[in-house]
Amino acid sequence: MSDLKLTTRAEDFSEWYNQVVLRAELADYAPVRGCMIVRPYGWALWENITAALDKRFKATGHVNAAFPLLIPRHFIEKEKSHVAGFSPELAVVTHGGGEELEEPLVIRPTSETIIGHSYAKWIQSYRDLPLLINQWNSVVRWELRTRLFLRTLEFFWQEGHTAHATSDEAEAETRQMVDVYSDFALNEAAVPVIAGRKSEAEKFAGAEITYSLEAMMGDGKALQFCTSHNLGQNFAKAFEIRYLDKNGILQYCWTTSWGLSTRVVGAIIMVHGDDQGLILPPRLAPYQIVIVPIFKTDEEKATVLETAQRLRRELTAEGIRVKVDEREGLSPGFRFNDWEMRGVPLRLELGPKDVAKGSVVLARRDRPGKEGKSFVPQQGVAAAVARLLEEIQKALHDRALEFRRARTIEPADYAEFKRAVEKGFAFSWWCGSSGCEEKIKEETRATMRCIPLNQSLSTNPSPSGPTGSGRCVYCQEPAQEKALFARAY
Ligand SMILES: [Zn+2]
C-alpha cells in the first residue's frame with residue numbers, strides 16, 4: 001500500500017471509491033474488461049456475508065443446491081418478458097470442442113429457466129411443495145459500464161428459487177425474504193434499508209411483483225441492496241411446473257426468486273467509509289481487531305510480541321477475529337494508517353510501556369483521534385473488546401440512519417423535488433403513471449427506487465401528512481401512494 005493520501009469523498013466520491021477498493025486490497029481489475037478479481041481480503045468479507053445469510057436461509061427452511069452455468073438458448077426464450085429483459089446482456093457460447101454447437105448455450109444471467117426446467121421434473125404432487133432451494137454461484141451479464149463490486153460482467157451472488165401451491169404462499173415467501181434481507185442489512189451490515197415494491201418499469205423481467213431494499217450511499221445516491229420477486233405463474237406456465245392438488249386436479253405452481261450479490265460489498269464501502277478509507281461493521285469484518293506491537297530494541301520486541309501473542313489467544317478464545325501485525329521496518333504511524341485504510345473496527349496498540357503497566361490502548365476506527373481511544377487493562381481485555389465491537393456496530397448503523405434522515409425530503413412541489421434528488425432521496429406522492437416516472441427520470445436523472453411498504457417512512461413530515469392521499473409530484477393528479485426517488489448506482 002502506498003502512503004499517498006486518498007482522494008476525499010467531497011472532492012470526487014467515485015474516485016474515492018475506486019481508490020478504497022484497490023488500496024484496501026478488496027478487488028482488482030481483470031484482463032477481461034468489466035470482470036473483477038476479488039482479492040483475499042475482499043473475499044473474506046464476502047465469506048462473512050454469505051455465512052450470515054446462509055444461516056438465515058437455512059433457518060427459514062431453505063436448502064442449497066448447484067445448477068449448471070450453461071443454459072440451452074431456447075430456455076431463455078420461453079418466458080417472453082424474461083427474454084426481452086435479458087437478451088441485450090447475454091453472453092452466448094457458440095463453439096465447444098472446436099465445433100460449432102447445434103444450439104448455442106447462454107452463460108446464466110440468472111437461473112429461473114434452468115431451475116424451472118428441473119422443478120417441472122421434480123414436482124408432481126402437492127406433497128412436493130413447497131420446494132425451497134437456494135444456490136451460491138456467479139452469473140454473467142454483459143454490462144457496458146462497469147465498476148468494481150457495483151456492476152461487473154461476472155458477479156457473485158445467491159439466488160433463491162421456490163415453488164408453492166398457492167399465490168398467497170408465494171407472496172408470503174417473497175415478503176419473508178424481504179424481512180430476512182432487512183434483518184441481515186440492519187444487524188450484520190449496519191446498513192439502514194427501505195423495503196418497497198418496484199414500479200412496473202423497474203421490476204424484474206418476468207416477475208409479477210418485485211420488492212427491493214434500497215440504501216443511501218455516502219454521496220446521497222441510492223443502491224439496490226437486494227431483490228425478491230413474486231413470479232406468479234409466469235415461469236410455471238413457460239416450463240410446465242405443475243402439481244396434482246388434493247382433489248387430483250393438475251395445477252400450475254406459483255414461484256419466487258430472490259437474490260443478493262457482491263454489490264453489497266460496494267454498499268458497505270459507500271455507506272460506512274470515510275476519508276481515511278474503509279470502515280467495516282464488526283460483525284462482517286475479516287479482522288475485528290488488529291494488534292499493532294510497537295518496539296525499538298530486540299529486548300522490547302521479545303516482550304511486546306510475547307504479550308501480543310498472549311492477547312491474540314485470549315481474544316481468539318472469545319470468538320473475536322484477530323490479526324497481529326508483525327511487519328518490521330514500518331513506522332507505527334504507517335501501520336495505523338494501513339489498517340485504517342482497510343477498515344478494521346478496532347486497533348490495539350501495544351508498546352513496552354503498556355506491557356510494563358499491564359494495559360493496552362484501544363483505538364476505534366469509527367472515531368478517529370483521541371476521542372476514539374481508551375486505555376484498558378490487559379486483564380479482561382476480551383470482554384472490553386467485545387463490548388466495544390458491539391458499540392461500533394450500533395454506532396455505524398445509527399450514523400448511517402441519521403445521514404439518510406437528514407437527506408430524505410418529502411418535497412412540497414416539483415422544484416423542491418429536483419433539489420432533493422441532487423443530494424439524496426425524495427419521498428413523494430406519485431399517481432402511478434409510468435409516464436410521470438419516465439418524465440421525472442429524463443428531467444432529473446432520478447429513478448423510482450421503490451414504493452415503500454412503510455408509507456409513513458419517518459422523514460421531514462410534509463403538510464399533507466405521511467399517509468392517505470395527495471397529488472402526484474409531477475402531474476398534480478390524485479395519488480394514493482408515495483414513492484422513493486433518487487439517483488442510483
Ligand atoms: Zn403523475
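Straight-distance candidates among the lysines for linking to Lys301, with alpha-carbon spacing under 20 Å and chain neighbours fewer than 8 residues away dropped: Lys323, Lys353, Lys357. About its Cα centre, the stretch 140-242 has a charge dipole of approximately 420 debye under the convention of +1 per Lys or Arg Cβ and -1 per Asp or Glu Cβ, with nothing else charged. For the stretch 31-174, a simple Cβ point-charge model (Lys and Arg +1, Asp and Glu -1, everything else neutral) yields a dipole of about 540 debye relative to the Cα centre. Accessible surface area normalised per residue over the chain is 44 Å², counting heavy atoms of protein chains with a 1.4 Å rolling probe.
With contacts taken as Cα pairs under 8 Å at a separation of at least 6 residues, the stretch 205-355 carries a relative contact order of 22 percent. For the chain, the mean residue ellipticity at 222 nm estimated from helices alone is -11000 deg cm²/dmol, where every DSSP H run of n ≥ 4 contributes -39500 (n - 2.57) and the total is divided by all residues, rounded to the nearest 500. Considering only Gly34, Gln379, Phe156, and ranking their Cα positions along the charge dipole of the chain that arises from unit charges at the beta-carbon of Lys, Arg, Asp and Glu, the one farthest toward the positive end is Gln379. Surface composition of the stretch 180-312: carbon plus sulfur atoms hold 45% of the accessible area, using a 1.4 angstrom probe and ignoring ligands, DNA and RNA.
Tell me the carbon and sulfur percent of the accessible area for the stretch 32-170, rounded to whole percent, probe radius 1.4 Å.
56
Structural descriptor for the chain: relative contact order 14 percent, calculated from alpha carbon pairs under 8 angstrom and at least 6 residues apart.
A crude spin-label estimate for the pair Cys475 and Leu4, with each label 7 Å from Cα along the Cβ direction, gives 5.1 nm. When every Cα-Cα distance of the stretch 265-320 is counted in 10 angstrom steps from zero, the calculated P(r) takes the values 20, 34, 27, 17, 2 percent.
Taking the convex hull of the Cα atoms, report for the chain its projected area averaged over all directions, in nm². Average of the hull's projected areas for the chain equals 27.6 nm².
Here are some pairs, Lys80/Lys441; Lys203/Lys482; Lys439/Lys482; Lys5/Lys296; Lys418/Lys439; which of them have Cα atoms lying more than 22 Å apart in this structure? Over 22 Å Cα-Cα: Lys80/Lys441; Lys5/Lys296.
Take the alpha carbon atoms of the stretch 104-175, find their radius of gyration, then divide it by 2.2 N^0.38 Å using N residues; give the quotient.
Its radius of gyration relative to the 2.2 N^0.38 Å reference: 1.36.
Based on C-alpha pairs under 8 angstrom that are at least 6 apart in sequence, the stretch 126-259 has a relative contact order of 25 percent. For the stretch 369-480, give the percent of accessible area contributed by carbon and sulfur heavy atoms, probe 1.4 Å, rounded to a whole number. Reported share for carbon and sulfur atoms: 52 percent.
The values are calculated or read from the model by the stated rules, or taken from the named source; none is laboratory data. Source: prediction; values computed, not measured. We place every Cβ from the backbone using ideal geometry, glycine too, and count neighbours over all the protein chains shown. These accessible areas exclude ligands, DNA and RNA; they are computed on the full protein's heavy atoms, side chains included. Shrake-Rupley method; radii C 1.70, N 1.55, O 1.52, S 1.80 Å.
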